[in-house]
Amino acid sequence: MSDANEPVGPAEPERTSGGAGERRVRVVLVDDHRMFRTGVQAEIGQTERTGVEVVGEAADVDQAVSVITATRPEVVLLDVHLPGGGGVEVLRRCAPLMADVEQPVRFLALSVSDAAEDVIGVIRGGARGYVTKTITGSDLVDSVFRVQDGDAVFSPRLAGFVLDAFASTDAPPVDEDLDRLTQREREVLRLIARGYAYKEIAKQLFISVKTVESHVSAVLRKLQLSNRHELTRWATARRLV
């Protein structure tokens, strides 16, 4: 969880000393990698030390919506790439919870990706911030509490990009080619570009191999590409991988 380019140190004292009356925040972890969830739980989930109580976990969109609805956490740590529609779909389906005035559920994206499309997508979807998985445990705890307070939080490497993207009232440039693809087709596109086999993609997205083949054919047709090698180059050039 550590990164040489980011400060390492204990979380803020009032959040780590424990005891009655100290601030607490209830969190749900949403990530399709069980080992990563386990690592985050071990890093930040010692409630008496950090003030963070992990009240639920989920590995795909349907699980996430179910767990978030049932537990009503203050903050959700949300991965961007998830089976079933991705983090944006979780945000869309949880919009009423985010809009709840009395008990809002706030989202902080926690992802390995720093692609422009991913960052803008989840922020437009309602997430309060976006940090990468290189963040330290203490910084992640601090980010969770800041999001609970309603602040916007971004990893340093993304802050400048986000400010530039939203500095004007004009919308960021639209990629007309990418805009032709459905959300599921974009998920398949990313996995193909990362070298996944059809069977692996089917397992990741909980769909059949035949459905994967149909999506790939649709993507190639819409983008006017001939094969997966051209598709990989196309996705890499747009930093979608």
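Overview of results
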quantity	calculated
Lys/Arg +1, Asp/Glu -1 at C-beta; the range 13-166 dipole; positive extreme among 125, 50, 153	50
98, 35 arranged by Cβ crowding within 10 Å, fewest neighbours leading	35, 98
Amide proton proximity set for residue 57, modelled H, under 5 Å, gap of 5+	29
For residue 24, residues with placed amide H under 5 Å, excluding near neighbours	none
Shape of the range 13-166, Cα gyration tensor, a/c cut at 1.5	rounded
Derived scalar couplings ³J(HN,Hα) [the range 94-104; Karplus, 6.51 cos²θ - 1.76 cosθ + 1.60; whole Hz; x for Gly, Pro]	9, 3, x, 5, 5, 8, 5, 5, 6, 9, x
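Here, each number is a calculation from the coordinates, and none is a lab measurement. Keep in mind that this is a model prediction, so the values were computed, not measured. Using ideal geometry, Cβ is built from the backbone for each residue, glycine included, and neighbour counts are taken over all protein chains shown.
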